[in-house]
Amino acid sequence: MKKLVILLIASLFSASGCAHAPVQPDFTLQGDHGKLSAVLHVPADQKNYPLVLIVHGFNANKKMDLLTELSKQLNERGIATLLFDFNGHGESEGSFLDMTIPNELEDARRVYAYAKQLPHVTSISAVGHSQGGVIVGMLAGELGEKGLKSIVLMSPAPELKEDTAKGDLFGIKYDPNNMPEYITLSTGLKVGRAFLETTPHLPIYEVSGKYTGPVLVVHSADDQLVPYRYGAEYSRVFAQGTLKTVHGFDHNFTQDASAVDKIVADFFAEQLTK
């Protein structure tokens, strides 16, 4: 498990060199714990366009290869993208020690509100990877189909609720009845008490299941970090949930991120041109 965590976090920080035409590069907006770093990419020579929020996972950032390549593919299909760093991540303000799924959900609400007032956006959808998939699922449950036209969850991690309830996060064990100030993962990353206390009580499936729009869950049968059964289970809570099983990929789809991104981009292209 420790090796898996090291591989996960190392791969999250790699950046992609794909080309975009950003409207507002490196702008900020107010989040729950300080200013959030964000970037908006729009398709070339197109006045109006649908937009997809791209949401990263635990200890990742908006420059993760999987996400920047997805942004590029969506732009090529005439879809704008908005990527951002959660509080305590990447180039955003805040401390990682204070990060929780609830305050990330609040960050996502504020990013959505920003996207909602953009003048040329015809609809908003969202995609989230890993913990970001949990955020997107819950945000969709809150906003409904009128708020988010469609969503994609890539390697979603509702397992975090189950693991923290047992006092085990990425193989680091602790007493959930005598919560420490923080735990230190095998990489040296410190996860704070607020995350450990709030995650076991999240109504992940209950809130997410209120969303009735189109949902695609993409999960690898060979994911060793968040087992495939969690993606399969998550897909079933949605009225229009579809599970796409891929094989031979790790949690971050590093073996061929572009191929998995194509599955996601094609789904959005189909949904957003209806």
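No lab work stands behind these numbers, since they all come straight from the coordinates. Source: prediction; values computed, not measured. Virtual Cβ from ideal backbone geometry, glycine too; neighbours counted across all protein chains shown.
Could you tell me, in Å, what Rg and Dmax come out for the Cα atoms of region 57-148?
Cα-based Rg and Dmax for region 57-148 come out at 13.1, 38 Å.
Size of the dipole of region 31-147 about the Cα centre, Lys and Arg at +1 and Asp and Glu at -1 on the beta carbon, nothing else charged, in debye to 20?
Value, rounded to 20: 380 debye.
R0 = 45 Å: FRET efficiency of residue 142 with residue 45, Cβ-based, nearest 0.05?
In this case the efficiency is close to 0.85.
What is the sum of charges around residue 73, taking Lys and Arg as +1, Asp and Glu as -1, for the other residues whose C-beta is under 11 Å from the C-beta of residue 73?
Neighbourhood net charge equals -1.
Kindly identify region 235-274 as rounded, prolate or oblate by the Cα gyration tensor criterion: order the square roots of the eigenvalues as a ≥ b ≥ c, call it rounded if a/c is under 1.5, otherwise compare a/b with b/c, prolate if a/b is larger, else oblate.
Oblate, since a/c reaches 1.5 and b/c is not below a/b.
For region 174-249, what does the alpha-carbon gyration tensor say about shape, rounded, prolate or oblate, given a ≥ b ≥ c as the root eigenvalues, a/c under 1.5 as rounded, and a/b over b/c as prolate?
oblate
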